[in-house]
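These notes are about the structure you will find just below.
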Amino acid sequence: MDVIWISHRGLHQRHVENSLHAFEAAAEAGFHTLETDLRTTRDGLIVLHHDPTLIRTAGSDAIIEEMDSDRCLGHRLNDGQSLLTFDDFARTFTDQRWVLDIKPESAERTLVALRNWADQQQKGDWLCRQARFLLWHPEHTRLLRKLFPAAITMAPQNECRRAGLSLLMGLRPLAAVRNGRTYSLPPVFHGLPLFRRSLVDAYHHLGGRVLAFLPEGQEQQRQALRSGVDEVLSNTPPLV
């Protein structure tokens, strides 16, 4: 089966991350899936942004969750673009699948806004097929299940760490790997290379899928592919 290449916040060597141009570049480079971060303004507009503030991307200490939508969209990113709204993202990038990282500071607001968007567009079932979700707290996962019963979630950080450490120590029963669930695996852990066939096979033996988490450079990408991972999350273009 072909490996799924996921663009981490778009290609942002030339463009600001999570921006329209960054995702356009990722789509042109051939990524199958786009990963992005969702936050919601005070009045319910979903925007794509990783950090709570705009300091890194727009030189402003304004907090997204504390702004109304007009003020938020009035900011310009460091390359002159506006912040990308979820509605514009959803209309533009239908040829790619998505991974939606629901940031915890406004997770409840974001999930309710997503449900409203899906109802208005009549795309609830479509969204569950189009996207996978990453959430950071159990209560937010429960709300997602309530609003989108068919939604697919990625394994959160604590599950990924437990699974990885348990499998490294040969304690498979403690890994608690769930069938069909995707687990992130970084290139290295305390100097120990993790993109190894034996480790990835251990996940697969338990029914899990493995995502290579941000390999740095083409050599680490090649190591990830040789190890048999199912997906690669990358800041740089996929290997041909």
Before I look further, what does the stretch 85-240 give for accessible area per residue, probe 1.4 Å, in whole square angstrom?
51 Å²
Net charge over other residues, Cβ less than 12 angstrom from the Cβ of ASN78 (K, R count +1; D, E count -1)
+1
Could you size up the charge dipole of the chain around its Cα centre, putting +1 on the beta carbon of Lys and Arg and -1 on that of Asp and Glu, and report it in debye to the nearest 20?
960 debye
Viscosity 1.002 mPa s, temperature 20 °C: give me the Stokes-Einstein translational D for the stretch 106-240 in µm²/s, with Rh taken as the Kirkwood radius over C-alpha pairs.
132 µm²/s
Rounded to a whole %, the carbon-and-sulfur portion of the accessible area of the chain at a 1.4 Å probe is 50 percent
Given 104-110, 49-55, the highest-first ranking by average Cβ count within 10 Å works out to 104-110, 49-55
Which ³J(HN,Hα) values in Hz, rounded to whole numbers, follow from the phi angles of the stretch 235-240 under the Karplus curve 6.51 cos²θ - 1.76 cosθ + 1.60, where θ = phi - 60° and Gly and Pro get x?
8, 10, x, x, 5, 6
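Write down, largest first, the equivalent ellipsoid semi-axes of the chain in whole Å, where each equals the square root of 5 times an eigenvalue of the alpha-carbon gyration tensor.
The equivalent ellipsoid of the chain has semi-axes of 30, 21, 16 Å.
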In Å, what is the Rg of the alpha-carbon atoms in the stretch 54-142, and how long is Dmax?
14.3, 38
Going by Cα centres, the stretch 51-100 and the stretch 9-29 are how many Å apart?
13 Å
Give the whole-number value, in cubic angstrom per residue, of the convex hull volume spanned by the C-alpha atoms of the stretch 7-103.
82 Å³
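The values are calculated or read from the model by the stated rules, or taken from the named source; none is laboratory data. As the structure is a computational prediction, the values presented were derived from the model and not from experiment. Positions of Cβ are generated from backbone atoms using ideal geometry, with glycine treated the same way; all protein chains shown enter the neighbour counts. These accessible areas exclude ligands, DNA and RNA; they are computed on the full protein's heavy atoms, side chains included. Shrake-Rupley method; radii C 1.70, N 1.55, O 1.52, S 1.80 Å.
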